[in-house]
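Quick notes on the structure that follows.
The values are calculated or read from the model by the stated rules, or taken from the named source; none is laboratory data. Here the structure is a predicted model, which is why all the values come from computation and not from measurement. Backbone-built Cβ (ideal geometry, glycine too); neighbour counts: all protein chains shown.
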Amino acid sequence: MKVLWEKEIPADEITVSPRPVWKCRSCPMYGKRPSCPPHAPDWRETREWIAAFKKALIVKFEIDMEHFERDKREALLYLLKREEEFFREGKMYATALFPGNCNLCDDCPFERGEPCRLPTKVRPSIDAIGIEIGRLVKIDFSESVLYGMVLIE
């Protein structure tokens, strides 16, 4: 995993709609991870929540598709690290948003109906809460990349 860039944007540029959430329904992980619908906040609630922020940080990660799960896990941990850095700077409501479902654990107990091992580290997926990432970045499907976000203040 490699961080290609970080870009701070005004939070009012973030579009929230039901479209990404409906797309989640076609994912094989739908309902299986705590970062995914129906466990993630509703898109309507997200719209109100996003309105309480002024800034967000978008992070573009390059990943190796042969090591997708490992690289994605590194991206999630990087986002959590950035969230903590913002928190230490006094931005107490900074919140990371994951690129897709949580894969912090190699073997997810939540999928088997057991409690999450890392409930304090799981964050919602960008899509799961209705954020249209394609309105913020140019999506090029020939790239092996993931986009994460940290809501800052």
Sort through L4, L57 and tell me the only one that's surrounded by fewer than 17 Cβ atoms within 10 Å (Cβ to Cβ), among the aliphatic types (A, V, I, L, M) and not in a helix (DSSP H, G or I). L4
Residues that are farther than 21 Å from S17 by Cα, outside any helix (DSSP H, G or I) and free of Cβ contacts under 8 Å to residues at least 24 places away in the same chain: does the stretch 124-141 have at least one? yes
Does F86 satisfy the criteria of being assigned to a helix (DSSP H, G or I), surrounded by 19 or more Cβ atoms within 10 Å (Cβ to Cβ), over 14 Å from the mean Cα position of the chain (by Cα) and not acidic (D, E)? yes
List the residue pairs whose Cβ atoms are under 7 Å apart, where the first residue sits in the stretch 56-72 and is without any contact (Cβ under 8 Å) to a residue 40 or more places away in the chain, the second is assigned to a loop (DSSP other than H, G, I, E, B), and the two are 6 or more positions apart or on different chains. E69/N103
Exclusive hit being within 17 Å of the chain's Cα centre (by Cα) and exposed (fewer than 14 other Cβ atoms within 10 Å of the Cβ), set P119, P99: P119
Give all pairs with beta carbons closer than 7 Å in which a residue from the stretch 21-42 that is within 15 Å of R123 (Cα to Cα) and surrounded by 16 or more Cβ atoms within 10 Å (Cβ to Cβ) meets a residue that is at pLDDT 95 or above and of a type in the set (D, E, K, R); count only pairs at least 6 apart in sequence or on separate chains. S35/R123
Just to be sure I understand, how many residues within the stretch 105-126 are touching a Cys at 6+ places or on another chain (Cβ under 9 Å) and under 24 Å from E66 (Cβ atoms)? 3
Inspect all residues belonging to the stretch 69-81 and state whether any of them is closer than 20 Å to Y30 by Cβ and buried (at least 19 other Cβ atoms within 10 Å of the Cβ). yes
Which one of F110, F61, F86, F98 is aromatic (F, W, Y) and touching a Ser or Thr at 6+ places or on another chain (Cβ under 6 Å)? F98
Tally, over the stretch 97-152, of residues that are among the polar types (S, T, N, Q) and either under 19 Å from E83 (Cα atoms) or in contact with a His (Cβ under 8 Å, 6 or more places away or on another chain) (or both): 4
Counting only residues that are touching a strand residue (DSSP E or B) at 6+ places or on another chain (Cβ under 7 Å) and of a type outside the set (A, V, I, L, M, F, W, C), which one in the stretch 16-36 is nearest to V150 (Cα to Cα)? S35
Can you name the residue in the stretch 102-116 that is touching a residue at least 24 places away in the same chain (Cβ under 8 Å) and part of a helix (DSSP H, G or I) and is also surrounded by the most Cβ atoms within 10 Å (Cβ to Cβ) among such residues? F110
